[in-house]
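Student: Sharing a structure here in structure tokens format.
The values are calculated or read from the model by the stated rules, or taken from the named source; none is laboratory data. Nothing here was measured: the structure is a model prediction, and the numbers come from that model. Methodologically, a virtual Cβ is constructed for each residue, glycine included, from the backbone with ideal geometry; neighbour enumeration extends over all protein chains shown. Please note that ligands, DNA and RNA were not included when accessible areas were found on the heavy atoms of the full protein model with its side chains. Shrake-Rupley method; radii C 1.70, N 1.55, O 1.52, S 1.80 Å.
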Amino acid sequence: MGVFDEVVFFPGITDVPKNQRDTFIRTQRGEVQSSLRQSLSSLKETFPKEFGKISPIEDPEELEDVLEDIRKALSSQTRPSDKSDVLLPPGVAEFVLLTGGTNPDVDATFGLPTIAGGAHLKGYGEGWASIEMDFDEEIDETGEDFAFYVCVDSTTKSFGEVVIDGAKGLGKFKKVADSFEEFLGLFAEFMTGDFKGSSGDEDLKAAVEDWYFRFVE
């Protein structure tokens with residue numbers, strides 16, 4: 001798909017001869033998808049009601065529109081400098097592709113994370129897209145104070161990294177994962193473990209609170 005040449009940046013591809021880049025991309029995509037599918041499968045197996053319908057975008061051409069929407073959501077104030085561009089990490093693009101047709105059950109207490117607009121993280125850098133958690137607001141009393149972000153500035157060493165802001169934008173950022181696929185793995189591990197083992201709203205509230213605080217303490 002041409003969109004992966006235009007919108008998605010694979011670290012290390014500039015070191016690969018042009019006649020080998022197609023093979024490089026296919027290999028990298030395969031590795032990323034394997035990691036994401038493993039996490040998605042564990043979520044689906046553990047929560048068959050909530051995620052009985054994890055499904056990819058059926059028409060690959062629709063992926064381009066979705067990814068462009070994410071890029072456009074990064075306003076001029078949050079984009080990197082003119083010398084660089086907003087390009088999406090492979091893990092983000094593959095996650096959107098694999099889950100783009102997914103909707104949680106109407107009674108579900110959570111859904112999959114979503115990639116939303118961008119932010120200029122004061123004291124940390126530019127070119128970051130937010131990762132929004134989809135817990136039911138009745139059990140997520142902590143999310144208003146925290147936010148996850150993935151770096152989409154391909155000119156930086158932080159490209160693809162996920163961080164958490166634990167102080168309402170005051171600049172107290174901590175690295176969470178080296179990639180989005182690693183982040184999703186952490187989320188799946190938490191959901192199939194501590195979250196699944198909780199019973200009742202109070203236990204779920206405590207579990208969700210721990211999900212955020214484990215990264216900032």
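Student: Considering only segment 193-204, how many residues are touching a residue at least 12 places away in the same chain (Cβ under 8 Å) and either touching a Gly at 6+ places or on another chain (Cβ under 9 Å) or open to solvent by 50 Å² or more (accessible area, probe 1.4 Å) (or both)? Walk me through how you get there before you give the answer.
Tutor: Keep residues of segment 193-204 that are touching a residue at least 12 places away in the same chain (Cβ under 8 Å), which gives 194-196, 201, 204.
This time we only want the ones that are either touching a Gly at 6+ places or on another chain (Cβ under 9 Å) or open to solvent by 50 Å² or more (accessible area, probe 1.4 Å) (or both), so: 194, 196, 201.
The qualifying residues number 3.
Student: Output the residue which, of all residues in segment 115-136 that are at pLDDT below 90 and outside any strand (DSSP E or B), is nearest to the chain's Cα centre (by Cα).
Tutor: For segment 115-136, the residue satisfying everything is 124.
Student: Yes or no: segment 192-199 includes at least one residue that is in a loop (DSSP other than H, G, I, E, B) and modelled with pLDDT under 90.
Tutor: yes
Student: OK, next. Anything in segment 85-95 that is over 14 Å from residue 34 (Cβ atoms) and either open to solvent by less than 10 Å² (accessible area, probe 1.4 Å) or at pLDDT 90 or above (or both)? List them, or say none.
Tutor: Matches in segment 85-95: 86, 88, 89, 92, 93.
Student: Cβ-Cβ under 9 Å, sequence separation 6+ or interchain: first residue in segment 34-57 and within 15 Å of residue 195 (Cα to Cα), partner assigned to a loop (DSSP other than H, G, I, E, B) and aromatic (Phe, Trp, Tyr). Which pairs?
Tutor: Note: pairs meeting the criteria are 43/51; 44/51; 45/51.
Student: Filter segment 121-161 for residues that are open to solvent by less than 60 Å² (accessible area, probe 1.4 Å) and polar (S, T, N, Q); which is farthest from residue 109 (Cα to Cα)?
Tutor: Going through the qualifying residues, I end up with 156.
Student: Output the number of residues of segment 96-114 satisfying the condition of being open to solvent by 50 Å² or more (accessible area, probe 1.4 Å) and outside any loop (DSSP other than H, G, I, E, B).
Tutor: 1
Student: Can you tell me which residues in segment 42-60 are within 23 Å of residue 106 (Cβ to Cβ), in a helix (DSSP H, G or I) and open to solvent by 40 Å² or more (accessible area, probe 1.4 Å)? Before you say what the answer is, go through the steps one by one.
Tutor: Narrowing segment 42-60 to residues within 23 Å of residue 106 (Cβ to Cβ): 42-58.
Cutting the leftovers down to in a helix (DSSP H, G or I) gives us 42-46.
Result: 44, 45.
Student: Still on this structure: Can you name every residue in segment 1-33 that is free of Cβ contacts under 8 Å to residues at least 60 places away in the same chain, open to solvent by 80 Å² or more (accessible area, probe 1.4 Å) and under 23 Å from residue 58 (Cβ atoms)?
Tutor: 5, 6, 26
Student: Applying the selection to segment 154-186, what residues are outside any loop (DSSP other than H, G, I, E, B) and either at pLDDT below 85 or under 25 Å from residue 205 (Cβ atoms) (or both)?
Tutor: 162, 163, 164, 165, 173, 174, 176, 177, 183, 184, 185, 186
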